[in-house]
Every structure is written in structure tokens, then in C-alpha cells.
Amino acid sequence: MNTKDKDNDRGFRLVIIFTLIVAIFCLSVGYASFSTLLQINTKTAVNNDVWAIEFQNMSTATLTGTAAEATAPVLSATTVNLDVEFKMSGDAASYTFDVKNSGTLNAKLSSAPTVTGIPDDVKDKFLVTLTYADGTTINANDTLNAGETKSLKITIAYKDGSTITNQVINSQILLLYVQN
């Protein structure tokens, strides 16, 4: 190769190197101008919500016929236990009590209330009703808002014409509340 070709080749290489340096510089400036710091400012708050559904204010029994309390009713924040003795048909016992939402979250019944504790062999001889104190039916999805109190009434009656005598019933009431 002659010197002129070597000089042209060297010049061509310098132009290529210079062009590559300029291209890299332009890409760097372009990248820097399009890439920015993404800053996210957030504020969060944790609510101090309280769940507190509780039973309160159990009344004394209203007894009909020869019915008698075997033991006094037991009322705690989450359970109501009744222990009543029925001696003959027509006997009945009624109680009123409150369910209160002392918390900050609204609640609703997830299902209809249930009363347990009546033996299967005599279930058909008793009538159990659980209503609001004014007599309206308690249903699934009934609400109990924060701070609200509702009065309930349970009546257990030994049906007229029943033949079993001296039956002790130890019943429990289940009201399952969930967040509304």
C-alpha cells in the first residue's frame, strides 16, 4: 500500500472514531435528558377501628306456669346461657337483653340467629322465638351500626299438650355478626 492510501485510511479511521465519540456523547446526553428521578410521595393513615359487639343488660325472667330458672342466666360479652326447668305443658320463660356495638365498625348478621341446647328427642315439644324486643323478626343481614344498641327478646315455651314433664333446657343463643 502506498503512503497516500495509508493517510486516507488513517483519516477515514479518525473520522469514524470521531463520529463514534460524537454519537456516544449524543446518546449519553439524550439518555440523561429523558431519564428523570421518579419520586412518589404518599401519606398513609392506619385507622384505629375497633370491633366490639357485646351482650348486655339481661332482664329477670318472665316465667309462665310452673317454669323455673334452674340456675341464673349467664350473660357475658359474647354469650348468653339460659338454664330453665319446664315442669308441664304451657310453661314458658322469656328474657330480654341488649346487643350493643361498642366498636367503631358497622356490623351485620351473617345469618339468622340460632338457639341451641334443646335435646333432639324433645325439640318438637318446645317453641323458641328470638325477636327484637318490639316483636319484629331478626334476619340475616340486619345491621348494627357503630354505637347502636338493639333490645332482643327470647321466649322458650313448652307447647300446650306436650306430655314430657320436668325437662331442663340449657340453651345458648348464637348471633354471628360480621363487618358491614
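Data overview
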| quantity | calculated |
| --- | --- |
| Subset tally (residues that are more than 17 Å from Asn170 (Cα to Cα) and among the hydrophobic types (A, V, I, L, M, F, W, C)) for the stretch 98-125 | 5 |
| Enumeration of residues in the stretch 147-164 that are over 25 Å from Gly90 (Cβ atoms) and in contact with an Asp or Glu (Cβ under 9 Å, 6 or more places away or on another chain) | Thr149, Lys150, Ser151 |
| Every residue from the stretch 154-175 that is at pLDDT below 85, surrounded by 21 or more Cβ atoms within 10 Å (Cβ to Cβ) and either of a type outside the set (A, V, I, L, M) or more than 24 Å from Asn101 (Cβ to Cβ) (or both) | Ile169 |
| Of residues in the stretch 104-156 being assigned to a strand (DSSP E or B) and under 13 Å from the mean Cα position of the chain (by Cα), the one nearest to Leu176 (Cα to Cα) | Leu109 |
| Thr96 vs. criteria without any contact (Cβ under 8 Å) to a residue 40 or more places away in the chain and in a strand (DSSP E or B) | no |
| Looking only at the stretch 40-57, and only at residues there that are loosely packed, with under 10 Cβ neighbours inside 10 Å and within 29 Å of the chain's Cα centre (by Cα), the one that is modelled with the highest pLDDT | Asn48 |
| Test: residue in the stretch 102-117 that is touching a Gly at 6+ places or on another chain (Cβ under 8 Å), surrounded by 16 or more Cβ atoms within 10 Å (Cβ to Cβ) and touching a residue at least 24 places away in the same chain (Cβ under 8 Å) | no |
| Any hit, the stretch 58-70, residues being surrounded by fewer than 16 Cβ atoms within 10 Å (Cβ to Cβ) and either touching a His at 6+ places or on another chain (Cβ under 8 Å) or at pLDDT below 90 (or both) | yes |
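The values are calculated or read from the model by the stated rules, or taken from the named source; none is laboratory data. No experiment lies behind these values; they were computed from the predicted model shown. In this analysis, Cβ positions are derived from the backbone assuming ideal geometry, glycine residues included, and neighbour counts consider all displayed protein chains.
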